[in-house]
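Structure, as structure tokens:
Computed from the coordinates by the stated procedures, all read-outs in this text should not be read as laboratory data. No experiment lies behind these values; they were computed from the predicted model shown. FYI the Cβ positions are ideal-geometry reconstructions off the backbone, even for glycines, and counts take in every protein chain you see.
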Amino acid sequence: MADTQYGIRKAEFVLPVRDLLSVPDKTGELVFGYPVFGPNTYLNNLSEMQGTYFHSGKYPRITFREPITAESILACAYDFEKLAKPEILDLRWLQLGRIVRTQKGVFANPPKDKDGKSIVDEELLMSWRDSKSKEVRGIYLGENGFGFAAYNTFQQGVQNCDTFARGGLARVLEHTEEEVARNLREIASPKFYKSEVNVFGFDSVSEPVLRVASLFSGRDVERGRLYLCGDNWDDSFNFGCVFGVLDSAFYV
């Protein structure tokens, strides 16, 4: 017992380390954890996001929350050529956020019920659309990223970046009142993807389905093309990554 130490023994509390990515937005700045969470299923990435992390002596305890699609797109577009494209999209899926596909169109960032689960019922979503959002240039936009784009407001399949960025789907995901989804227009531009954009997996369904909208770069013969998919499950084995938004920072 020669190594026994008497007296007070200091506790050790070690948290996993997470850098922060600060991105300018219309309210000033939005801060994300970096690197992104994943690669894993969307549900597992969100579970990892629930932890507490260490950033610095000033911010010794930080926590994160699930992003809305517009926040994921904002983070993705920032310094895209050096960050998100080579580190995420060229390697795996980027999970933008939740959508609900219905008979009439696509709902982005559906509201949650009292148990924190996304509302999928089409009648409730349509009621929410009509009472809690406004129509802007053919789409509907509400609070907390909620929005709706009818199928006739956007195209599926291969298209150029301008057609894509002016479509209702891109504008709803980016939650913009402008004619063009500017961040998605930048991401999909020919300087990054010479083979245009392929939008798929956003088909009409007889019963509403909850999915995760995702971006990735084409591989092999499809290299040089951006893909936007609307048919990934939140527990899909198409592992991907997600940006966690800084939820709180405990100061010293």
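What the table shows:
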quantity	calculated
Highest-MSF residue in the chain out of LYS132, LYS26, LYS85 [GNM, Cα springs under 10 Å]	LYS26
Given charges at beta-carbon only (K, R positive; D, E negative), |dipole| of the chain in Debye	360
Cα-based radius of gyration of the chain once divided by 2.2 N^0.38 Å, which approximates compact folds	1.12
Residue-averaged 222 nm ellipticity for the chain, from DSSP H runs of 4+ at -39500 (n - 2.57), nearest 500	-5000 deg cm²/dmol
Using θ = phi - 60° and Karplus 6.51 cos²θ - 1.76 cosθ + 1.60, couplings along segment 180-190 (whole Hz; Gly, Pro as x)	10, 7, 5, 5, 5, 4, 5, 4, 8, 5, x
Placed amide H near PHE202: partners under 5 Å, 5+ positions off or other chain	GLY230
Charge context of VAL205, other residues only, Cβ under 14 angstrom, K/R +1, D/E -1	-2
Top of ILE119, ILE139, ILE187 by mean-square fluctuation, Gaussian network on the chain, Cα under 10 Å	ILE119
Convex hull volume per residue for segment 144-252, taking Cα atoms only, in Å³	170
Global form of segment 48-194, assessed from the alpha-carbon gyration tensor, a/c cut-off 1.5	oblate
Alpha carbon centroid spacing (whole Å) that separates segment 14-86 from segment 127-178	25
